[in-house]
Amino acid sequence: MPPPTTANNPRERVEQSPLPDFCRLPALFALIIVGALTVTVMWLARNGQRDWASYSVGMLFVTWLALVIAVVLCKSRALLQRLPGHLSYVGVWLLIVLIVLIASSIARWLDVALQMQLGTDSRGVFVRDNVAIAALLGAAMLRYFYVLAQWQARLAAVTRAQVDALQARIRPHFLFNSMNTVAALIRVDPDAAERTVEDLSELFRAALGQHNNDDGTLGDELALIERYLAIEQLRLGDRLRVQRDIESLPDNFPLPRLLLQPLVENAVRHGIQPLIGGGEVILRGQRNGNAILIEIINPLPATAAEPGNGHGLDSVRQRVTYRYGPQARVEAGPQSGPDGERFIVRLHLPILHSSGQANDARTDRR
């Protein structure tokens, strides 16, 4: 069965490789756990009195073997990735079997040479059994890694499709309203009309996919939001009021592109536009321990203009989970307050230390 196809981008080929990264702790942990469970099951399956010394030696041997396998596979991963199709998995499987064969032969030879009498089987039987167990368990583990890689590739494809769909979709009413605003401003305030065209072009450049699907930064996303709000401010006037409390957010925090702007657009569309007197959109964010907390708050009209306040939340949740893992959360729902009902979208995004972002980069976005 061939591994999942990869993109044409060399960077994406590395990230989407079907082979697991044996240099990372999850792969090493899986090797050790599988080996330890095998030793334990075999020890429990023995008839008669169980020998704790042999169990301890078996655990030590399996742990050492898992470390050796992980190091060898880590160093040879780049070479194995060059093999076509499923041959990369065959190469990993053969390496595992070869390592177990050599290690078992050396261990049994040392046992006999040093007369430690740790095993009762002959050298041939000991090596044969270990190789057979390694071949079966190695095939099962590699099958698991392959299925996991397929699932991750499908999830990545779905996520990219959602991002592409989001980038390719600009609500017609927003485009028409913005162009009408520009047309009305040309004679009254040409400078404002020019700024609106610049803001609109920057917004469309991001939304129509001029950038690739790699992460942007929180600073870029907030700058895009400011351009969007500037356009809506001209259209809605005093009906749109924005309160910002985002100065403590790190500008270079990695963030998927167009993650927050659709949420702010929903806040304006569903929370401000239906109200005759308008309302206030609150953008609030702070660092909370090892996570970034971002809140987008808008008033909740008694009767929404359209059903589905918070359109696109499912897509945002999937993108956040895919990018930041299970520690990330997206919470959304109405909440009562002194000023009436409000709709709050709250994002908890963990700070991934491998991203290398600085923690003290700040700018005034007002």
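Residues in segment 35-67 that are in contact with a helix residue (DSSP H, G or I) (Cβ under 6 Å, 6 or more places away or on another chain) and under 21 Å from Tyr89 (Cβ atoms): Gly35, Leu65, Ala66.
When residues in segment 1-48 are screened for being in a helix (DSSP H, G or I), at pLDDT 50 or above and not hydrophobic (A, V, I, L, M, F, W, C), 4 of them pass. Based on this model, can you work out whether Arg235 counts as open to solvent by 10 Å² or more (accessible area, probe 1.4 Å) and within 32 Å of the chain's Cα centre (by Cα)? Answer is no for this residue. In segment 261-277, the count of residues that are farther than 22 Å from Thr159 by Cα, in contact with a Lys or Arg (Cβ under 6 Å, 6 or more places away or on another chain) and not in a helix (DSSP H, G or I) is zero. Out of all the residues in segment 168-182, which are open to solvent by 60 Å² or more (accessible area, probe 1.4 Å) and modelled with pLDDT of 75 or more? Matches in segment 168-182: Met179, Asn180. Does segment 69-83 contain any residue that is within 16 Å of Leu136 (Cα to Cα) and surrounded by fewer than 17 Cβ atoms within 10 Å (Cβ to Cβ)? No, the conditions are met nowhere in segment 69-83. Test Trp52 against the stated conditions and say whether it is among the aromatic types (Phe, Trp, Tyr), open to solvent by less than 30 Å² (accessible area, probe 1.4 Å) and at pLDDT below 85. Answer is no for this residue. Of the residues making up segment 67-89, those that are among the hydrophobic types (A, V, I, L, M, F, W, C) and either at pLDDT 90 or above or closer than 21 Å to Arg24 by Cβ (or both) are Leu67, Val68, Ile69, Ala70, Val71, Val72, Leu73, Cys74, Ala78, Leu79, Leu80, Leu83. Each residue in segment 89-115 was checked for being over 14 Å from Val131 (Cα atoms) and in a helix (DSSP H, G or I), and 9 pass. Evaluated against (1) modelled with pLDDT of 90 or more; (2) surrounded by 21 or more Cβ atoms within 10 Å (Cβ to Cβ), Glu331 falls short on exactly one condition, (2). Scanning segment 238-268 for residues that are open to solvent by 30 Å² or more (accessible area, probe 1.4 Å), without any contact (Cβ under 8 Å) to a residue 60 or more places away in the chain and polar (S, T, N, Q) yields a single hit, Gln243.
Within segment 281-294, residues that are farther than 23 Å from Val268 by Cβ sit with their Cβ atoms under 6 Å from residues that are part of a strand (DSSP E or B), at 6+ positions apart or across chains, in these pairs: Ala291/His348; Ala291/Pro350.
The values are calculated or read from the model by the stated rules, or taken from the named source; none is laboratory data. Only a predicted model underlies this, so the values are computations on that prediction, with no experimental measurement involved. Don't worry about glycine lacking a Cβ; one is built from the backbone with ideal geometry, like all the others, and counts go over all protein chains shown. Surface areas here come from the heavy atoms of the whole protein model, side chains and all, with no ligands, DNA or RNA. Shrake-Rupley method; radii C 1.70, N 1.55, O 1.52, S 1.80 Å.
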